[in-house]
Ligand SMILES: Nc1ncnc2c1ncn2[C@@H]1O[C@H](COP(=O)(O)OP(=O)(O)OP(=O)(O)O)[C@@H](O)[C@H]1O
Ligand SMILES: [Mg+2]
């Protein structure tokens, strides 16, 4: 007999997760969440709802107070430092503030995603296996940055920096992406491009993702499933088309949601267009 929690299609299973910070703030209350392999979930909710805390408990940047986090069946909450490092390789993290190493090049930042794999001295001398360099270059082509491989990170725009952040996370060859407000510092068009790119890469690689995002319209447009958090409790979990005014009120409180829900959640034709042609053009393939 197969236990539900260990079904092969489950990549992450969070059960009865609680987090109380030393300040007394109860940021998560008995959170249960199951993410399937390849599933892209948008995590929405007001400021302070516990979105960042939840994804940080998953990779243990924050230590949960109680409860369970299982990645591919492995309990993460009580791993020792060596096994935690191994588990973290399987979880790529993408941040709002990009967290690039400013004085290093795009290529070097991309390769830093392999640091958990390459030995210390090798990485100290920045000697990465040629297969890693080739993989990084392929990914830079994929995200449209191939002609910037040698540019320093501090010379990039916000959108370009986030693409490097995405490449670095993918260089870990993760099974799960943990993404905290990837578009918060970006203009609306760049935000859409970045969300579309993340979604396409997840689809291409069968990668699951939890994406914390404040922009409800973007969440509805790009995620397959939306989870709404309010004061540390999951108050909504469903497909984008079931996120109606009542659900938004449950998550954020009373408001007139007409403008947010817009044209019934329908997505303009060009939003579904793939970024592939642009990538092919940059790679000189088209
Ligand atoms: N390091 C910390 N120490 C104490 N309390 C914290 C800490 N980090 C977060 N909190 C508290 O935990 C709660 C959840 O915070 P969290 O940052 O997870 O929310 P969030 O949903 O990510 O908010 P935002 O949308 O503003 O990023 C808040 O009450 C916050 O004040
Ligand atoms: Mg946050």
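Read the figures in this text as sums done on the coordinates, not as results from a lab. Just so it is clear, the model here is predicted, and its values are computed rather than measured. Heads up, the Cβs are rebuilt from the backbone with ideal geometry, glycines too, and the neighbour counts pull from every protein chain shown.
Couple of notes before you dig in:
- Between residue 173 and residue 233, residue separation times 0.36 nm minus the direct Cα-Cα distance comes to 18.5 nm.
- Listed peptides 105-112, 246-253 by packing density, highest first (mean Cβ within 10 Å): 105-112, 246-253
- Spin-label model, residue 127/residue 184: points 7 Å from Cα along the beta carbon direction are separated by 4.0 nm.
- Rel. contact order, % - alpha carbon contacts under 8 angstrom, at least six apart, the stretch 10-133: 22
- In this calculation the C-beta distance from residue 89 to residue 26 is compared with R0 = 35 Å, giving a FRET efficiency of 0.70.
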